[in-house]
1. Farthest toward the dipole's positive end in region 41-146, which of Leu51, Val144, Phe73, given Cβ charges of +1 (Lys, Arg) and -1 (Asp, Glu) about the Cα centre?
2. Hey, could you grab the Kirkwood Rh for region 3-80? Inverse mean 1/r over distinct alpha carbon pairs, Å, one decimal.
3. What are the residues whose amide H is under 5 Å from the amide H of Ile134, where those residues sit 5 or more places off or on another chain and H is modelled from the backbone?
4. Once Rh is set to the Kirkwood radius over Cα pairs, what Stokes-Einstein translational diffusion coefficient, in µm²/s, holds for the chain at a temperature of 10 °C and a viscosity of 1.306 mPa s?
5. How far apart, in nm, are the 7 Å Cα→Cβ label points at Ile7 and Phe89?
6. Quote the charge dipole size of the chain about the Cα centre in Debye, to the nearest 20; the model charges only the Cβ of Lys and Arg (+1) and of Asp and Glu (-1).
7. Which peptide among 12-18, 1-7 comes first, and what is the full order, when sorted by highest mean count of other Cβ atoms within 10 Å?
8. Per DSSP helix of 4 or more residues, -39500 (n - 2.57); summed, then divided by the residues of the chain. What does that give at 222 nm, rounded to the nearest 500?
Amino acid sequence: MNAIQTITILPSNEAELTVYMRSVKESILDGYISAEKAAIQLKTLEKIAALNKDADIKAYFLDEFAKHGVKTFEQGAKFSLSNRKTWDFSECNDSKYNDLNIQLEAIKLQIKEREEFLKVLKEPMAELQGGEIINPPTWSQIEVVSITLNK
């Protein structure tokens, strides 16, 4: 079986996808495949799905879909060709805009510094200037699995 044959056996509409995902989930949870193998395969699917963002693939799709001669068409799914604006404000030469961006970056830095300060608090403390009681931040922790595919 070649790569394209593998992709084309996957679900191709929402109804099929819902059934397929439920079946895969149940099969994993029922132990029909080892947790390690399932995790590897799901990680692999994530990487395959990233092909949708590949510049060459995107350009190919745009060229091919444009051949239909319409902005929207159906062929197993609904395809819509549209334009998206991307604004670049770097050449506007607007001092007000530039000043606001400088302020924004300064405020982001101040917030980060304040968060670092708050992280080290072990118990409430009084703010000397205003008498405000500052509590340490709350936090939670979860266990996660990171998967790095072998070369």
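1. Positive-end residue among those listed: Phe73.
2. Radius from the Kirkwood sum: 15.0 Å.
3. Long-range HN contacts for Ile134: Met125, Ala126, Glu127.
4. After rounding, the answer is 71 µm²/s.
5. In this crude label model, Ile7 to Phe89 measures out at 3.8 nm.
6. Charge dipole, the chain, about its Cα centre: 440 debye, nearest 20.
7. 12-18, 1-7
8. The per-residue figure over the chain is -16000 deg cm²/dmol.
Every number here is computed from the coordinates shown, using simple stated rules; none is lab data. Every value quoted in this text rests on a predicted model; they were computed, and no experiment measured them. All Cβ positions, even for glycine, are placed from backbone atoms using ideal geometry, and neighbour counts span all protein chains on display.
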